[in-house]
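The values are calculated or read from the model by the stated rules, or taken from the named source; none is laboratory data. The model shown is predicted, which means the values in this text are computed figures rather than measured ones. We place every Cβ from the backbone using ideal geometry, glycine too, and count neighbours over all the protein chains shown.
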Amino acid sequence: MPRILIVDDEKSIRDALRDILLHEKYSIDEAKDGEEAYEKLLNNDYDVVLCDVKLPKMDGIELLSKMLEQQKDVQFIMISAHANLEMAMQAAKKGAFDFFQKPPDLNKLLISIRNATDKSNLVQETKLLRKKVDRSYEIIGETPAMLRLKEDIAKVASTDARVLILGPNGAGKELVARSIHRLSNRANMRFVEVNCAAIPSELIESQLFGHEKGSFTGAFKQHIGKFEQADGGTIFLDEIGDMSLSAQAKVLRVLEEQKISRIGSDKDIKVNVRVLAATNKNLQEEIKKGNFREDLYHRLAVIVLRVPALDERKEDIPLLVDKFLQDFAEQNGRPVYKITPEAKEKLKEYSWPGNIRELRNVVERLIIMCDGEITVKDVERYRNH
């Protein structure tokens, strides 16, 4: 049941609004002044606040501002007997959902409350979804190598420095990139991922920089490239060691000039993008072979982070197994599968050339194939299937 706080210094108005809203099946609380409302908002969760602008002790606009500072997810509908356009604009600028003059049109007020409640629910759902997504990209590990990596991520995240992430396939380079973005001041903007190895060389430039309609055969409409899509946010160039030399030259220009041009256009477009890159290749060797530009390497490698292979951090395997068991349970609406301590220790004995990706597949296989608790015998039986 949606909860509404009515804030007004006139008891008769509070009583009238309470009776109407109780009839509409809302849960109602009241406050007679700004300070009382402030205390209630700090200690309770409400979906909507119906708030008079002129209040004793603290006016409604100040109360609204304080709630924004507290990052409370509650929608304010302001009501005033002395309403004017300037006051309404001030309230909207401060973040009010709606504004009514006393006495309000009850039908319009009820519609506004329903809409504000829907928005409040959407905000809560979005927060829960974001937390769930954040958990799915959480970096798991307590070994010295992983603790150092987490510390380095925290240091570089608050800057706009370009980061080159090195490590074998399946070790978690994407998790590092997403963590950097999530902890940065660009966290509310887009994170755009490009797998350079998965895009044919003849299409990579179109994917990165976009193209104009008719610029080449098959270009039936304008296409906005990944750099433009990531404007204001972060672009993650995964497997950059597989990028063609011609595309590398254009990426270098973006890094130097912060502008791109679509294929088929001579117009420059300014972009503000943080670039993160990753590869499992030895780029120094690729430079010697003529496969990678040395100037691009130095542009990308302002900060270099190395993600250790799973075989270098086997003490983290029990933590990773618990995480995968929890993830599988949440995704499939099932209880969390149990695994014996001995079975976890057994998993630490194996070599993991496929790294975390391989371990996750094995855990999922064990969940599917085993009945009840996962034991050492189960691990021995299904590890290599």
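Observations, loosely collected:
- Any hit, the stretch 304-327, residues being in contact with a Pro (Cβ under 6 Å, 6 or more places away or on another chain) and at pLDDT 95 or above: yes
- The criterion of being closer than 18 Å to Ala92 by Cα and part of a loop (DSSP other than H, G, I, E, B) holds for Lys72.
- Residue within the stretch 5-26 that is among the hydroxyl-bearing types (Ser, Thr, Tyr) and within 22 Å of Gln124 (Cα to Cα) present: yes
- On the stretch given as the stretch 296-329, residues that are part of a helix (DSSP H, G or I), of a type in the set (D, E, K, R) and in contact with a strand residue (DSSP E or B) (Cβ under 9 Å, 6 or more places away or on another chain) total 2.
- Checking Arg293, Arg306, Arg262 one by one, the residue that is crowded, with 19+ Cβ neighbours inside 10 Å, touching a Gly at 6+ places or on another chain (Cβ under 7 Å) and among the basic types (Lys, Arg) is Arg262 and no other.
- When residues in the stretch 1-46 are screened for being assigned to a loop (DSSP other than H, G, I, E, B) and among the acidic types (Asp, Glu), 6 of them pass.
- Residue in the stretch 292-302 that is under 27 Å from Ile165 (Cα atoms), hydroxyl-bearing (Ser, Thr, Tyr) and in the same structural domain as Ile240 (by TED's automatic domain parsing) present: yes
- Check on Leu325, farther than 17 Å from Ala145 by Cα, surrounded by 18 or more Cβ atoms within 10 Å (Cβ to Cβ) and under 26 Å from the mean Cα position of the chain (by Cα): yes
- Odd one out for Lys348, checked against (1) part of a helix (DSSP H, G or I); (2) over 20 Å from Ala171 (Cβ atoms): (2)
- Applying the set (1) surrounded by 13 or more Cβ atoms within 10 Å (Cβ to Cβ); (2) over 18 Å from Val251 (Cα atoms); (3) in contact (Cβ under 8 Å) with a residue 12 or more places away in the chain to Ser201 leaves exactly one unmet item: (2).
- Those residues of the stretch 42-51 which are touching a residue at least 60 places away in the same chain (Cβ under 8 Å) and not charged (D, E, K, R), in sequence order: Val48, Leu50
- Lys377 being buried (at least 16 other Cβ atoms within 10 Å of the Cβ) and over 26 Å from Asn280 (Cα atoms): no
- Any hit, the stretch 62-75, residues being under 27 Å from Lys25 (Cα atoms) and of a type in the set (Asp, Glu): yes
- Qualifying positions in the stretch 208-222 - surrounded by fewer than 18 Cβ atoms within 10 Å (Cβ to Cβ) and either within 13 Å of Ile260 (Cα to Cα) or not hydroxyl-bearing (Ser, Thr, Tyr) (or both): Glu212, Lys213, Gly214, Phe216, Gly218, Ala219, Phe220, Lys221, Gln222
- Selection over the stretch 273-285 of residues that are assigned to a helix (DSSP H, G or I) and buried (at least 18 other Cβ atoms within 10 Å of the Cβ) gives a count of 1.
- Members of the stretch 154-167 that are of a type outside the set (A, V, I, L, M) and either touching a helix residue (DSSP H, G or I) at 6+ places or on another chain (Cβ under 6 Å) or under 14 Å from Val273 (Cα atoms) (or both): Thr159, Asp160, Arg162, Gly167
- Of the residues making up the stretch 72-95, those that are within 15 Å of Ile4 (Cα to Cα) and at pLDDT 80 or above number 6.
- Every pair of residues 6+ apart whose Cβ atoms lie under 9 Å, when the first sits in the stretch 14-41 and is within 17 Å of Thr117 (Cα to Cα) while the second is in a helix (DSSP H, G or I) and of a type in the set (D, E, K, R): Glu24/Arg114; Ile28/Arg18; Asp29/Lys40; Leu41/Lys66
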